[in-house]
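A quick write-up on the structure given underneath.
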Amino acid sequence: MKRKTLYFTAPRQLELREDTLPALGAEDVLVETMCSAISAGTEMLIYQGRFPQDLETDSVISTLRGGFKYPLAYGYACVGKVVEIGKQVNSEWLGRLVFAFQPHTSYFVSKPDSLFAIPDSLHPENACFLPNMETAVNLVQDGAPIFGERVLVLGQGVIGLLTASLLNEFPLGVLVTADYYELRRKASLNLKVSDALDPNSKNFQHDLSAYMQRKFDLTFELSGNPASLNDALALTAFSGRIVIGSWYGEKQAEIDLGGAFHRSRIRLISSQVSTIAPELSGRWDKARRFEVAWQALQKIKPEKWITHRFSIDRAQEAYRLLDENPHETIQVLVTYS
């Protein structure tokens, strides 16, 4: 059987390669992919050639091991159906809808213990958001919001929207979001946040003035723009926390740590989903966090943020859209027939 797999071959160059699937082992299953989500953060850094050359693609997910170098098959949000099972695999797997951390490919062979069975009540396209929801859960856990706190979320891409959705479950004093793109600000306002502002606007500071009597206790930097850290520093209160969830790749910016920051006692928290915060690891593990992420997906139903769907044969168009016109997108999916 043949499969099609998407490869990044050079900056802004993609290639759809066809190869023969490996033989199915006795303990393997064959999955036919239905849809996969494109990451507008990490994948776009790879597409643009702005990734660190000496960094491992993922230190935890076995299917993503290795370094960032071309040609590279990458992606981590595949949803599909088990269409064949090995002789030693429980027959209950056959026909099951599953999620897998796999690159964009039309078929893949996997061990069942690397798959996540999708709850029957969840639409398959919602399941494509599982990695992003786990990230959002991790961000909120690292931020540890407190009753009545004033919270700011910079960036309302998928991660930012999911984080704001989870924060909405807390009895916060104020929840304000910010994003450069009107489409994403509208999506954020639909979450019933206190306000969704444009950080590029000349009136940004003025618009924030209604919330700035005591600045923000907790700020999330999820914009993907390292220069936004200066906004986070300026808008966060004495002894506040800034959770940095963006991965900037090789993007750099001058950060002002020489002014009021030195006396501010603001904590900068590096938050990345591959691990559990040490202070939680005695009670939390990845399995428990995934369980919470599934429950949150069923409640939030983020498929409403899918703005575009492209067949794998048109993947080049999808990445070009995200690169050249990100203001038109929130979540882009690759589909398979």
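Taking the longest Cα principal axis of the chain as reference, the axis of helix 158-167 is set at about 60 degrees.
Under conditions of 10 °C and 1.306 mPa s, segment 171-226 yields 132 µm² s⁻¹ as its translational diffusion coefficient, taking Rh as the Kirkwood radius over Cα pairs in the Stokes-Einstein equation. Between the residues Phe204, Leu222, Gln298, the greatest Cα displacement towards the positive end of the dipole of segment 201-307, with unit charges on the Cβ of Lys, Arg, Asp and Glu, is found for Gln298.
Set against the 2.2 N^0.38 Å expectation for a compact globular protein, the chain has a Cα radius of gyration ratio of 1.02. Over the chain, dividing the summed -39,500 (n - 2.57) contributions of all DSSP H runs of at least 4 residues by the number of residues returns a 222 nm mean residue ellipticity of -7000 deg cm²/dmol. Contact order for segment 98-217, expressed relative to its length and based on alpha carbon pairs under 8 Å spaced 6+ residues apart, stands at 19 percent.
About the centre of its Cα atoms, the chain shows a dipole size close to 380 debye [charges on the beta carbon of Lys, Arg (+1) and Asp, Glu (-1) only; nearest 20 debye].
Using +1 on the beta carbon of Lys and Arg, -1 on that of Asp and Glu, and nothing else charged, what's the dipole of segment 166-295 about the Cα centre, debye to 20?
Working: 16 positive and 15 negative charges, 66 e Å.
Computed charge dipole of segment 166-295: roughly 320 debye.
Only lysines eight or more places from Lys304 in sequence, or on another chain, were considered; those with a Cα closer than 18 Å are Lys186, Lys192. Under 17 Å of direct C-alpha separation, and excluding same-chain neighbours fewer than eight residues apart, Lys4 reaches these lysines: Lys81.
The aspartates and glutamates whose alpha-carbon is closer than 16 Å to the alpha-carbon of Lys87, local same-chain residues fewer than 8 away aside, are Glu27, Asp28, Asp113. Against the chain, whose longest principal axis comes from its Cα atoms, helix 130-143 is set at around 30 degrees.
The Cα atoms of segment 256-337 give a gyration tensor whose axes a ≥ b ≥ c have a/c of 1.5 or more with a/b no greater than b/c, which makes the shape oblate. Rounded to the nearest 10 degrees, what's the angle between the helix 315-324 long axis and the longest principal axis of the chain, both from Cα atoms, 0 to 90? For 315-324 against the chain, the angle is about 10 degrees. Normalised by the number of residues in the chain, the mean separation of alpha-carbon contacts (under 8 Å, six or more apart) gives a relative contact order of 18 percent. Between the residues Ala318, Ser274, Val332, the greatest Cα displacement towards the positive end of the dipole of segment 201-337, with unit charges on the Cβ of Lys, Arg, Asp and Glu, is found for Ser274. Across Tyr181, Tyr70, Tyr211, mean-square fluctuation computed from a Gaussian network of the chain (C-alpha pairs under 10 Å connected) peaks at Tyr70.
On a per residue basis, segment 284-337 carries 48 Å² of accessible surface, using protein heavy atoms and a 1.4 Å probe.
Using the alpha-carbon positions of segment 142-281, Rg (one decimal) and Dmax (whole number) come out as 14.2, 43 Å. Each peptide in 269-279, 26-36, 311-321 receives the mean, over its residues, of other Cβ atoms within 10 Å, and ordering these scores from highest gives 26-36, 311-321, 269-279.
The values are calculated or read from the model by the stated rules, or taken from the named source; none is laboratory data. Just so it is clear, the structure is predicted and the values come from calculations on it, not from any experiment. So basically every Cβ, Gly included, is an ideal-geometry build from the backbone, and we count neighbours across all protein chains shown. We work out accessible area using only protein heavy atoms, side chains counted, and drop any ligands, DNA or RNA first. Shrake-Rupley method; radii C 1.70, N 1.55, O 1.52, S 1.80 Å.
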